[in-house]
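Q: One structure, pasted below without further comment.
The values are calculated or read from the model by the stated rules, or taken from the named source; none is laboratory data. The model shown is predicted, which means the values in this text are computed figures rather than measured ones. Here Cβ is always computed from backbone atoms with ideal geometry, including for glycine, and neighbour counts include all displayed protein chains.
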């Protein structure tokens, strides 16, 4: 609430703090297929998800051996945008690579 200092004519306004809720995070998961090359998967992980070559190779091997691998955790809209980017890049290069997402 506002408080007035009658002598100086100034007004002090107190601000109440608002608790901001952290956005829910979603895992972006790369799914294995029998056609997409390992090199392409590594390039996607580096280019779209900002992984180092070592991280990208590790995730690619997990996708290859286990059928899926987590690329990262993001707020919902960013996760959705990354999935669209992966699928657009894959389609442009003739790969059937797919992603999914699930709440973390």
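Q: For region 71-104, how many residues meet the condition of being touching a residue at least 60 places away in the same chain (Cβ under 8 Å), farther than 20 Å from residue 52 by Cα and assigned to a strand (DSSP E or B)?
A: Count: 5.
Q: Among the candidates 14, 93, 46, 87, which residue alone is out of contact with any helix residue (DSSP H, G or I) (no Cβ under 6 Å at 6 or more places or on another chain) and under 26 Å from residue 104 (Cα atoms)? Give the derivation first.
A: Working: 14 fails: under 26 Å from residue 104 (Cα atoms); 93 fails: under 26 Å from residue 104 (Cα atoms); 46 fails: out of contact with any helix residue (DSSP H, G or I) (no Cβ under 6 Å at 6 or more places or on another chain).
Selected residue: 87, the only one of 14, 93, 46, 87 that is out of contact with any helix residue (DSSP H, G or I) (no Cβ under 6 Å at 6 or more places or on another chain) and under 26 Å from residue 104 (Cα atoms).
Q: Right, another one. Determine whether residue 54 is modelled with pLDDT of 95 or more, surrounded by fewer than 10 Cβ atoms within 10 Å (Cβ to Cβ) and either in a helix (DSSP H, G or I) or in contact with a helix residue (DSSP H, G or I) (Cβ under 9 Å, 6 or more places away or on another chain) (or both).
A: Numbers: modelled with pLDDT of 95 or more: yes; surrounded by fewer than 10 Cβ atoms within 10 Å (Cβ to Cβ): yes; either in a helix (DSSP H, G or I) or in contact with a helix residue (DSSP H, G or I) (Cβ under 9 Å, 6 or more places away or on another chain) (or both): yes.
The answer is yes for residue 54.
Q: Kindly provide the set of residues from region 32-51 that are surrounded by 15 or more Cβ atoms within 10 Å (Cβ to Cβ) and outside any loop (DSSP other than H, G, I, E, B), ordered by number.
A: 40, 41, 42, 43, 44, 45, 46
Q: Then there is this: Show the residue pairs that are 6+ apart or on different chains and have beta-carbon atoms under 7 Å apart, the first residue being within region 54-66 and farther than 16 Å from residue 35 by Cα, the second being part of a helix (DSSP H, G or I).
A: The qualifying pairs are 56/42; 56/45; 56/46; 57/42; 59/45.
Q: Now, a different point. So, in region 75-103, how many residues would count as being surrounded by 13 or more Cβ atoms within 10 Å (Cβ to Cβ) and touching a strand residue (DSSP E or B) at 6+ places or on another chain (Cβ under 6 Å)?
A: Total meeting the criteria: 9.
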